[in-house]
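Asker: Sharing a structure here in structure tokens format.
The values are calculated or read from the model by the stated rules, or taken from the named source; none is laboratory data. All figures in this text were calculated on a predicted structure; none of them were measured in a lab. Cβ placement follows ideal geometry from the backbone for every residue including glycine, while neighbour counts extend to all protein chains displayed. Calculation scope for accessible area: heavy atoms of the full protein, side chains included, ligands and nucleic acids excluded. Shrake-Rupley method; radii C 1.70, N 1.55, O 1.52, S 1.80 Å.
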Amino acid sequence: MNFASLQQLQERCEADGLTMGRLMLQQQALETDKNEDAVFSQMAAYYKIMKEAVHKGLTTDTLSRSGLTGGDAKRLHDYAGNGEPSLGGNAAAAMTYAL
């Protein structure tokens, strides 16, 4: 990539008249030697998988394959729904989605 900071990324977008999303799509296409439509389709498929994983994690007591971890996203989601979490709603949502 031709930038090392968010500031450089913003400057590049402004210079090229592109949104960050469009620039990153172009960069990914260049780096993978695929056309932008193929890259976008793959990204859309990954996004769908991630959304399904978040939904499953928030609504079921999912365990890891080993059974040693799991269920944390649902527990945190349920806890955050019962009042204001200590870090605030946005931070709690980010944590539940990450889990």
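Asker: Running a GNM on the chain with Cα contacts under 10 Å, which residue among LEU23, LEU58, LEU68 ends up with the highest mean-square fluctuation?
Answerer: Checking each option, the largest mean-square fluctuation is seen for LEU68.
Asker: Once you place label points 7 Å from the Cα toward the Cβ at GLN26 and GLU84, how far apart are they in nm?
Answerer: My value for the distance between the label points is 4.4 nm.
Asker: Report the extension gain between ASP72 and ALA4 in nm, rounded to one decimal, defined as 0.36 nm multiplied by the number of residues separating them, less their alpha carbon distance.
Answerer: Details: separation 68, 0.36 × 68 = 24.48 nm, distance 3.46 nm.
Between ASP72 and ALA4, full extension yields 21.0 nm more.
Asker: Okay, next question. If you take every residue apart from TYR79 with its C-beta less than 15 Å away from the C-beta of TYR79, what net charge results, scoring Lys and Arg +1 and Asp and Glu -1? Write down the numbers at each step before the final one.
Answerer: Working: positive: LYS74, ARG75; negative: ASP61, ASP72, ASP78, GLU84.
Neighbourhood net charge equals -2.
Asker: Next question, about the same structure. Pick from ALA38, ALA73, ALA53: which residue has the top mean-square fluctuation in a GNM of the chain where Cα pairs under 10 Å get a spring?
Answerer: ALA38
Asker: I'm spelling it out carefully: the read-out is log10 I(q)/I(0) by the Debye sum over Cα atoms at q = 0.14, 0.25 Å⁻¹, the candidates are (i) -0.54, -1.37; (ii) -0.78, -1.14; (iii) -0.89, -1.32, and one was derived from this structure. Which label?
Answerer: (ii)
Asker: May I ask for the angle, rounded to the nearest 10°, between helix 36-59 and the longest principal axis of the chain, with both axes built from Cα atoms and the value confined to 0 to 90°?
Answerer: Rounded to the nearest ten degrees, it is 10.
Asker: Add -39500 (n - 2.57) for each DSSP H run of 4 or more in the chain, then divide by its residues: what number comes out at 222 nm, to the nearest 500 deg cm²/dmol?
Answerer: Mean residue ellipticity at 222 nm (helix-derived): -21500 deg cm²/dmol.
Asker: Leaving out ligands, DNA and RNA, and with a 1.4 Å probe, what % of the accessible surface on region 1-43 is carbon or sulfur?
Answerer: Result for region 1-43: 51 percent of the exposed heavy-atom area is carbon or sulfur.
Asker: Below 8 Å between Cα atoms, with a sequence gap of 6+, how large is the relative contact order for the chain in percent?
Answerer: It rounds to 16 percent for the chain.
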